[in-house]
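A.B. asks: Here it is: the structure, laid out below.
The values are calculated or read from the model by the stated rules, or taken from the named source; none is laboratory data. Owing to the predicted nature of the structure, the values given are computational and were not obtained by experimental measurement. Methodologically, a virtual Cβ is constructed for each residue, glycine included, from the backbone with ideal geometry; neighbour enumeration extends over all protein chains shown. Please note that ligands, DNA and RNA were not included when accessible areas were found on the heavy atoms of the full protein model with its side chains. Shrake-Rupley method; radii C 1.70, N 1.55, O 1.52, S 1.80 Å.
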Amino acid sequence: MQGTMKRSTGDKIFDTFIYIFMAIVAIVTLYPFLNVLAISFNDSVDTVRGGLTIYPREFTLKNYETIFGFDGLLVGFKNSVLRTVIGTAVGVLSASMMAYTLSRPDFQSRRWMSVGFALTMYFTGGLIPGFLLMKNLGLMGTFSVYIIPALLSVWNVFVVRSYIDGLPYALQESAKIDGANDWTIFWKVILPLCQPVLATIALFIAVSHWNAWFDTYLFNNRNPENTTLQYELMKVLQSTQSGNNYRDPNAQQAIASVSPESIKMAITIVVTIPILMVYPFLQKYFVKGMTLGAVKS
């Protein structure tokens with residue numbers, strides 16, 4: 001049996017260039033996050049000097065102690081988790097059900113409904129009509145204001161519908177011949193085959209709910225029981241920038257000992273870590289779901 005072919009000098013140079021290039025790409029990608037992490041653990045006074053790279057010069061936990069010392073943060077974290085879990089579950093279910101309906105060739109109104117849905121992506125009522133709508137529906141000051149308005153995303157519906165259109169329709173016909181109704185086909189045939197695209201839109205919906213704070217400011221700013229983590233962290237940042245605490249007088253001394261830049265980086269780490277923990281479980285579906293769900297017409 002012929003031995004392994006000896007690699008030429010050109011091949012070795014090319015491989016070396018590829019390794020160096022990929023190492024540079026990895027460093028460029030990771031450096032901003034490591035720099036934010038270093039600033040969040042660095043002393044605020046020392047941070048003002050600048051020159052921090054990927055490790056803190058004067059390690060401290062004071063920035064995080066200041067953040068978690070504010071009232072409402074624990075309640076906001078609980079509400080944000082509940083909002084993300086519930087909002088993601090119902091968002092994926094509603095988008096998949098609507099996408100399945102629009103993908104059915106025997107649904108005669110699917111073209112007009114698709115056009116109507118598409119128009120909502122370009123034209124909206126605006127902020128004031130939306131506020132008045134939430135008020136008239138009785139959602140002001142309730143937890144439901146986080147879930148119901150975000151129940152259905154047209155973009156997610158179109159992505160899932162395109163993915164379903166790429167599945168063999170013979171699978172649904174075979175299920176019908178075996179006596180399955182539409183509900184059984186949806187649960188037993190369509191959903192199992194749509195795991196990649198459902199995982200993809202689940203990540204989109206979860207990130208959207210987790211990062212949202214403006215709806216809390218509009219609809220729940222007077223109800224501390226329904227506050228969210230992002231809204232509380234926004235108030236922490238405002239407090240450090242203005243030098244005034246919004247609610248807790250005991251944290252005034254802690255605020256004076258930190259800088260807005262350090263608090264900002266610590267907040268970035270606090271809100272990013274949960275998403276980084278979830279992403280590896282969905283990443284294997286992400287590329288396949290977006291490729292097959294977004295490029296088909």
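A.B. asks: How are the alpha carbon pair distances in the chain distributed across 5 Å bins from zero to the largest one, expressed in percent?
C.D. replies: For the chain, the binned pair fractions read 1, 5, 9, 11, 12, 11, 11, 11, 9, 7, 5, 4, 2, 1, 0, 0, 0 percent.
A.B. asks: List the aspartates and glutamates whose Cα lies under 13 Å from the Cα of Lys78, skipping any in the same chain that are fewer than 8 positions away.
C.D. replies: Counting by Cα, and skipping residues close in sequence, Lys78 has these aspartates and glutamates nearby: Glu225, Glu232.
A.B. asks: Using a probe of 1.4 angstrom, how much of the accessible area of the stretch 64-296 is carbon and sulfur, in percent? If you can, show how the numbers build up before the last one.
C.D. replies: Details: 8150 of 12680 Å².
The nonpolar share, carbon plus sulfur, comes to 64 percent.
A.B. asks: Treating cross-link reach as a plain straight distance, find the aspartates and glutamates whose alpha-carbon is under 14 Å from the alpha-carbon of Lys176, omitting any fewer than eight places away in the same chain.
C.D. replies: Answer for Lys176, where 14 Å is the Cα cut-off: Asp106, listed by chain and number.
A.B. asks: Suppose each label sits 7 Å from its Cα in the direction of the beta carbon; what would the Phe107-Asn211 distance come out to in nanometres?
C.D. replies: Once both label points are built, they end up 2.9 nm from each other.
A.B. asks: A follow-up question, please. Per residue, how many Å² of accessible area does the stretch 64-296 show with a 1.4 Å probe? Display every interim value, and only then the final one.
C.D. replies: Numbers: 12680 Å² over 233 residues.
Solvent-accessible surface per residue comes out at 54 Å².
A.B. asks: Still on this structure, I have one more. Run the helix sum for the chain: -39,500 (n - 2.57) per DSSP H stretch of 4+ residues, divided by residue count, reported at 222 nm to the nearest 500 deg cm²/dmol.
C.D. replies: Numbers: 14 runs with 197 residues, N = 297.
Calculated at 222 nm, the ellipticity per residue is -21500 deg cm²/dmol.
A.B. asks: Charges only on Cβ, +1 for Lys and Arg, -1 for Asp and Glu: so what's the dipole of the chain about the Cα centre, in debye to the nearest 20?
C.D. replies: On the way: 22 positive and 17 negative charges, 117 e Å.
Here the size comes out at about 560 debye.
A.B. asks: Another question about this same structure. Of Val197, Asn223, Ser153, whose Cα points farthest to the positive end of the dipole of the chain (charges on the beta-carbon: +1 Lys, Arg; -1 Asp, Glu; origin at the Cα centre)?
C.D. replies: Val197
A.B. asks: Where q = 0.12, 0.14 Å⁻¹, what log10 of I(q)/I(0) comes from the Debye formula for the stretch 23-139, counting one point per Cα?
C.D. replies: So the normalised log intensities work out to -0.86, -0.93.
A.B. asks: Relative to the present Cα-Cα distance, how much length would full extension add between Leu171 and Asn223 at 0.36 nm per residue of separation?
C.D. replies: Stretched fully, the Leu171-Asn223 segment lengthens by 13.7 nm.
A.B. asks: Right, next: Among Phe14, Phe107, Phe41, which one shows the biggest mean-square fluctuation in a GNM of the chain, springs joining Cα atoms closer than 10 Å?
C.D. replies: With Cα springs under 10 Å in the chain, the top fluctuation among Phe14, Phe107, Phe41 is at Phe14.
A.B. asks: Still on this structure, I have one more. Just the number, please: carbon plus sulfur as a percent of the accessible area of the stretch 9-60, 1.4 Å probe, no ligands or DNA/RNA counted. Present the calculation step by step, with values, prior to reporting the outcome.
C.D. replies: Details: 2800 of 3730 Å².
Taking all protein chains in place, the stretch 9-60 shows 75 percent carbon and sulfur surface.
A.B. asks: Further, regarding this structure: Each residue of the stretch 45-59 in turn: what ³J(HN,Hα) in whole Hz from Karplus with 6.51, -1.76, 1.60 and θ = phi - 60°, glycine and Pro shown as x?
C.D. replies: Running phi through 6.51 cos²θ - 1.76 cosθ + 1.60 with θ = phi - 60° gives 5, 5, 4, 4, 5, x, x, 6, 10, 10, 9, x, 6, 10, 5 Hz.
A.B. asks: In nm, what is the difference between 0.36 nm times the number of residues separating Trp187 and Leu151 and their Cα-Cα distance?
C.D. replies: Details: separation 36, 0.36 × 36 = 12.96 nm, distance 1.95 nm.
Value of the extension gain: 11.0 nm.
A.B. asks: Per 5 Å bin, what percent of the C-alpha pairs of the stretch 1-64 does each bin hold, from zero upward?
C.D. replies: 4, 16, 16, 12, 9, 8, 8, 7, 6, 5, 5, 3, 1, 0
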